[in-house]
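Contents: one structure, followed by commentary.
The values are calculated or read from the model by the stated rules, or taken from the named source; none is laboratory data. Bear in mind the structure is a predicted one, so any value in this text is a computation, not a measurement. We place every Cβ from the backbone using ideal geometry, glycine too, and count neighbours over all the protein chains shown.
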Amino acid sequence: MFELTFLGTSASAPSVQRGLSSAIVQYRNHRFMIDCGEGTQRQLLASGLGFKRLDKILITHGHLDHILGLGGLLSTMARWEMIEQVTFYGGAFALDRISRLFDVVFGPGELPMSITYHVLQPGIFFADEHLQLEAFAVEHRGPGCFGFLFSERTKRPFLVDKAEALGVPAGPERRLLVAGQPVTLADGRVITPEQVVGPPQPGTRLAFIGDLGRTRGLVHIVQGANTLVVEATYIEEDQEMAHRFGHLTAAEAARFAQRADVEQLILTHLSRRYHTRQVLEEARAIFPNTVVANDFDRFEIK
């Protein structure tokens, strides 16, 4: 299960109700921040999530409304001495811009903590025994724009009732079976994993895309995701403007979700020119299981 919290959901500039783009994805002991618009550290405090373990920051692209909050965020984290090392994942253009932002905030070469810049290429860039993260290129304005796919690894559930029926004791024997290794019981019987482990079950998948101008080539990447997060900066009556500035309409986002056969669509990056109801109604007419995210909304992705 992933826990997704939106810290900012406005497009380009903040509004009274919405801060600039940022979200937190939590999974087990991991916390990933996606983008960090101006004012994000205040949103982080207001959300109650705080700064602990916030050492992995994913950047969708290098526009200022998605990165300008990083100077203040890192300054506060360094002052409180909460985190010693932070890794940024993003395109080369975005990471170069962030580096130059830090030169202005802290002085050239005067970083307040250890910072690692990981230049993304399409493909898996983070993995452990439970989770893998994949970056994929998206079309917006400028180079090095990425979306992110969070995927739990496929699991085979341990069947406790069958293990007990076979006399497998709780403890290391069961751990070995879960790991795929046979065990020999005290009476000499050999128990194989196939006897006590169920069929593979696909893990949860969360696709998160920031600003997006075209959906071509992306359907197969997010196909069947439990949740798709994507922008809806415009509505259909302003489609020409949307395309001119490299954004989607709510209807285009909904058609994208429909073609990809995802379970749930969450829309973000809303323009102040529309009421939330306009965006939601346009999308739901095409893809009913649509939600428009507000600041501080939390979702459990299962």
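Conditions (1) closer than 22 Å to residue 33 by Cβ; (2) among the aliphatic types (A, V, I, L, M); (3) loosely packed, with under 13 Cβ neighbours inside 10 Å; (4) in contact with a helix residue (DSSP H, G or I) (Cβ under 8 Å, 6 or more places away or on another chain), marked per residue:
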position	(1), (2), (3), (4)
98	yes, yes, no, yes
106	yes, no, no, yes
114	yes, no, yes, no
125	yes, no, no, no
135	yes, yes, no, no
161	no, no, yes, no
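Considering 239, 264, the condition of being among the polar types (S, T, N, Q), closer than 30 Å to residue 38 by Cβ and crowded, with 17+ Cβ neighbours inside 10 Å is satisfied by 264 alone.
Hydrophobic (A, V, I, L, M, F, W, C), part of a loop (DSSP other than H, G, I, E, B) and more than 18 Å from residue 94 (Cα to Cα) - does that describe any residue in the range 22-39? Looking through the range 22-39, none of the residues is hydrophobic (A, V, I, L, M, F, W, C), part of a loop (DSSP other than H, G, I, E, B) and more than 18 Å from residue 94 (Cα to Cα).
Selection of strands (runs of 3 or more DSSP E) fully inside the range 118-233 by the criterion of at least 3 residues being touching a residue at least 40 places away in the same chain (Cβ under 8 Å) and not hydrophobic (A, V, I, L, M, F, W, C) returns 146-152. Do we have residue 256 as touching a Ser or Thr at 6+ places or on another chain (Cβ under 8 Å) and either in a helix (DSSP H, G or I) or of a type in the set (Gly, Ala, Ser) (or both) here? Taking the combined requirement at face value, the residue satisfies it.
Pairs meeting the criteria (first residue in the range 277-302 and on the phi < 0 side of the Ramachandran plot and modelled with pLDDT of 95 or more, second residue among the hydroxyl-bearing types (Ser, Thr, Tyr) and in a loop (DSSP other than H, G, I, E, B), beta carbons under 6 Å, at least 6 apart or on different chains) are 293/9; 295/9; 301/204. Take the conditions (1) touching a strand residue (DSSP E or B) at 6+ places or on another chain (Cβ under 8 Å); (2) assigned by TED's automatic domain parsing to the domain that holds residue 143; residue 220 misses just one of them, which is (1).
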